[in-house]
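Note sheet for the following structure.
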Amino acid sequence: MNNTKLNTSIEYVKGVGKMRAELFKEELGIRRCYDLLNFFPYKYLDRSRFYKISEINTSDVYVQISGVFKNIVYKKYRNRYGIEAKFFDGEKNIKVLWFKGLSWVEKSIKTNQNYILFGRISWFEKLPSLVHPELERVENFKSKSIKLQPVYSSTEKLSSIGISNKAMIKIVKNLFVFLENKFDENLNEYLNKKFKLISPNQAYHNIHFPENHDLLEKARYRLKFEELFFNQLKFKLSHNKLKRNKGYYFPYVGEYFNNFYNNYLSFELTKPQKKVLKEIRNDFASNQQMIRLLQGDVGSGKTVVALLSILISIDNNYQSCLVAPTEILAFQHFKNFKDKFENLGLVVKVLTGSTKSSDRKILLNDLKNGSINLLIGTHAIFEQNVIFNNLGYAVIDEQHRFGVKQRSKIWEKNNPPPHVLIMTATPIPRTLTMSLYGDLDLSIIDELPPGRKDVITVHRKDKNRLKVFGFIRDQIKQGRQIYIVYPLIEESKKMDLKYLEDGLESITREFDKENYSIGVMHGRMRSSNKDIEMNNFLNGKIDILISTTVIEVGVNVPNASVMIIENAERFGLSQLHQLRGRVGRGKYDSYCVLMTNDKISEDAKIRIDAMVNSNDGFKISEVDLRLRGPGDVLGTKQSGVLDFKIADIIEDESILFSVSNEADLLIKKDPKLNLNENYNIRSFILNNPINKSWNEIG
Ligand code: ADP
Ligand code: MG
């Protein structure tokens, strides 16, 4: 940044001052002029257009009308007073209402004088009306000066100290004066030309005070381009291995791997599984720490990739760990790995929050002296007193359940930090991966093992319940097992249990004669009881498992062929997809029945349809992203990483792909950004304090 004023406090901008600057910082995180300059209006009101009352329709949100007030009267509405007036545009009337500032309205608004009203349309009984509109006498209205009026988001505190939108507009205008209208070029000539970007000067003026719609669009394009470009460049630079940690060197594929691969692996790996394994081997044999994200839909076979790569780590005399998000999953992995490892003469142990302290003591000791090859467990592994002899490789399953902070604790378990493989069964749309995990290497398993059939998914309403019960009978007769899942209501654990209890009661009643064995599982059970129940289901002792979403992630019971999801309209898409992934794991035809109320919302309908129409997790995640936006899809504060000021990774997907490509080309040509032509890019990176965090990974 060449204009050094961009880095100074906004305190010095006219109209701000010390006290307001403090509040801007607290309320909106705006400290420097650069921050304020990049605090863009969230919408614009079109003040160039005047409406006739007769042409207002339900798609209009804001309207501007010129006319006169007719009879202004006090009225009593249920429990409060208000003022109601008719506003006449020469043809037609519109109702105008006030509920606050009544004495001001009474004093200052005169009938039969010309006003311009501007406000949001409300509809009452199919008639438009305006509540608390902005108003101005015609003689005071300067139509030339405002066309698209910026609207800035604000907070209660800021409004209360007098920073209204009007005041905000003034402050931003003063900012332009303070900066002497000098705005840094942060890109290079080649990009500006190729993408026909307008200058920063034009862009900043038109994003705050658009001259017209066209220039506003161009301003938005430029600023989005710049923002996404630096987002991608940041990842690619750290990718460029300039900043990666030194890592362990695992050059050998040795006896353990080969023995298992040749003698114990009961199936051929799929093509993508082989490819991922190769990618991991390449990383292991480089001198850098691997930080790799492995995405693969439920059932795509990520576990065996983890297992084989763990064997390589052991072949090279390093310990590994495998971290799962829940105890059920940790034990499932343990069960799965135990025999295999023992066949190879290796030691695997499991550590969770409920490991007995006497066992824990022995385990920690063995871990420290190196006699444990693989430690499987929950986040209990992250704890500080869990010390490895030489941890070389950490696999983290179902990554989205862990916070970034939690994850990074693994980094501290050895020095240099171990190689890390993060496995996630929640496919994330490519745009999200690019903009959020651009600093991780990405592996994808995009093919299911052969012979896997799609889970047949249907939508059934409450009124079809009897038929669904008939279907359950039929499947159990054939030897299959059934899941029935009820919604988990975070805000009300009691409600949650109520659903489950009601469900249990009705199922018990329904299958009274059949003598089916029915199991129950929910989050408030002790985890040992959950495990007993889960094991009974796994061993076929339970025909119908009634549960909340605690069974959501990773559980593997191949004989279960039906997943019934009650109140499916209450579930998010990715959750529905995860739940469906619990069936279709064996050789049988499998079914997912989405039960809903007879009436459901539009949104719910889209979710249900997406499920019925597709088994592809990536496709489903795209729909999910469109419905909910990135923050909610990721479900945690991680979305903060995605706090783009102007870019929108859904809407601006194509810009993202372009800039990603350009960033690649740029680094290829000028890896350290030393060329003259890239001076501005380099200078922006080096001189902008927000880029200080660029090296942080995870
Ligand atoms: P996920 O990716 O959801 O973790 P898993 O690793 O649990 O999936 O694999 C699901 C099932 O598919 C397991 O029973 C596993 O043994 C089996 N599997 C994995 N890879 C293959 C393959 N290449 N061929 C046949 N079956 C496979
Ligand atoms: Mg899994």
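The values are calculated or read from the model by the stated rules, or taken from the named source; none is laboratory data. Only a predicted model underlies this, so the values are computations on that prediction, with no experimental measurement involved. Cβ placement follows ideal geometry from the backbone for every residue including glycine, while neighbour counts extend to all protein chains displayed.
Observations
- Taken together, the residues in the stretch 156-170 that are touching a Lys or Arg at 6+ places or on another chain (Cβ under 8 Å) and closer than 19 Å to His208 by Cβ amount to 1.
- Out of Lys193, Lys166, Lys170, one residue alone is at negative phi and in contact (Cβ under 8 Å) with a residue 12 or more places away in the chain. It is Lys170.
- Evaluation of Pro429 against (1) crowded, with 18+ Cβ neighbours inside 10 Å; (2) under 30 Å from Val562 (Cβ atoms); (3) within 16 Å of ligand 2 (Cβ to nearest atom) (one fails), failing number: (3)
- Residues that are more than 21 Å from Val276 (Cβ to Cβ) and more than 14 Å from ligand 1 (Cβ to nearest atom), drawn from the stretch 317-330: Asn317, Gln319, Glu327
- Test for Pro487: is it touching a Ser or Thr at 6+ places or on another chain (Cβ under 8 Å), within 16 Å of ligand 2 (Cβ to nearest atom) and not in a helix (DSSP H, G or I): no
- Of all residues in the stretch 94-108, those satisfying the criterion of being surrounded by fewer than 15 Cβ atoms within 10 Å (Cβ to Cβ) and either among the polar types (S, T, N, Q) or touching a helix residue (DSSP H, G or I) at 6+ places or on another chain (Cβ under 8 Å) (or both) are Ser103, Ser108.
- Qualifying position, being over 23 Å from Tyr249 (Cα atoms) and out of contact with any Cys (no Cβ under 7 Å at 6 or more places or on another chain), among Val323, Val305, Val298: Val298
- The C-beta contact set for the stretch 14-27 (first residue without any contact (Cβ under 8 Å) to a residue 12 or more places away in the chain, second residue part of a helix (DSSP H, G or I), distance under 6 angstrom, 6+ apart or interchain) comprises Lys18/Glu11.
- Candidates are the residues of the stretch 578-627 that are surrounded by 18 or more Cβ atoms within 10 Å (Cβ to Cβ), of a type in the set (Lys, Arg) and in contact (Cβ under 8 Å) with a residue 40 or more places away in the chain; the one that is farthest from ligand 2 (Cβ to nearest atom) is Arg580.
- Verdict on Glu185 being surrounded by fewer than 21 Cβ atoms within 10 Å (Cβ to Cβ) and in a loop (DSSP other than H, G, I, E, B): yes
- Within the stretch 271-316, tally of residues that are within 9 Å of ligand 1 (Cβ to nearest atom), of a type in the set (Ser, Thr, Tyr) and surrounded by fewer than 24 Cβ atoms within 10 Å (Cβ to Cβ): 1
- Residues in the stretch 498-555 that are of a type in the set (A, V, I, L, M), within 16 Å of ligand 2 (Cβ to nearest atom) and part of a loop (DSSP other than H, G, I, E, B): Val553, Val555.
- Test: residue in the stretch 396-411 that is polar (S, T, N, Q) and in contact (Cβ under 8 Å) with a residue 60 or more places away in the chain: yes
- Scanning the stretch 152-182 for residues that are among the aliphatic types (A, V, I, L, M), at pLDDT 90 or above and in a loop (DSSP other than H, G, I, E, B) yields one hit, Leu179.
- Residue identified as at pLDDT below 90 and surrounded by fewer than 16 Cβ atoms within 10 Å (Cβ to Cβ) among Asn212, Asn201: Asn212
- Among the residues of the stretch 2-36, those identified as outside any helix (DSSP H, G or I) and within 26 Å of the chain's Cα centre (by Cα) are Gly29, Ile30.
- Residue match in the stretch 319-327 (condition: hydroxyl-bearing (Ser, Thr, Tyr), more than 16 Å from ligand 2 (Cβ to nearest atom), free of Cβ contacts under 8 Å to residues at least 24 places away in the same chain and not in a loop (DSSP other than H, G, I, E, B)): no
- For the condition assigned to a helix (DSSP H, G or I), hydroxyl-bearing (Ser, Thr, Tyr) and away from ligand 2 (no atom under 15 Å from the Cβ), Tyr252 does not qualify.
- Counting only residues that are buried (at least 18 other Cβ atoms within 10 Å of the Cβ) and among the polar types (S, T, N, Q), the stretch 189-198 holds 0 of them.
- Check on Asn389, more than 24 Å from Gly299 (Cβ to Cβ), part of a loop (DSSP other than H, G, I, E, B) and either touching a Gly at 6+ places or on another chain (Cβ under 6 Å) or within 16 Å of ligand 2 (Cβ to nearest atom) (or both): yes
- Criterion applied to Phe50, Phe39 was being surrounded by fewer than 18 Cβ atoms within 10 Å (Cβ to Cβ), part of a loop (DSSP other than H, G, I, E, B) and of a type in the set (Phe, Trp, Tyr), and the one residue passing it is Phe50.
- Residue that is nearest to ligand 1 (Cβ to nearest atom), among those in the stretch 411-445 that are within 16 Å of the chain's Cα centre (by Cα) and not in a loop (DSSP other than H, G, I, E, B): Thr424
Quick grid of which residues meet (1) free of Cβ contacts under 8 Å to residues at least 60 places away in the same chain; (2) more than 26 Å from the chain's Cα centre (by Cα); (3) away from ligand 2 (no atom under 16 Å from the Cβ); (4) farther than 24 Å from Phe341 by Cβ:
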position	(1), (2), (3), (4)
Leu265	yes, yes, yes, no
Leu269	yes, yes, no, no
Leu294	no, no, no, no
Asp297	no, no, no, yes
Leu307	yes, yes, no, no
Ile310	no, yes, no, no
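- Cβ-Cβ under 7 Å pairs, at least 6 apart or on other chains, the stretch 451-467 side closer than 14 Å to Met563 by Cα, far side of a type in the set (Ser, Thr, Tyr) and in a strand (DSSP E or B): Val455/Tyr591; Ile456/Tyr591; His459/Thr596
- Evaluating His205 against the criteria (1) more than 28 Å from Leu23 (Cβ to Cβ); (2) over 31 Å from the mean Cα position of the chain (by Cα); (3) part of a helix (DSSP H, G or I); (4) not hydrophobic (A, V, I, L, M, F, W, C) leaves one unmet condition, (1).
- So Glu139, is it of a type outside the set (A, V, I, L, M, F, W, C) and on the phi < 0 side of the Ramachandran plot: yes
- Index of the failed condition, Phe250 passing every other in (1) free of Cβ contacts under 8 Å to residues at least 24 places away in the same chain; (2) surrounded by 15 or more Cβ atoms within 10 Å (Cβ to Cβ): (1)
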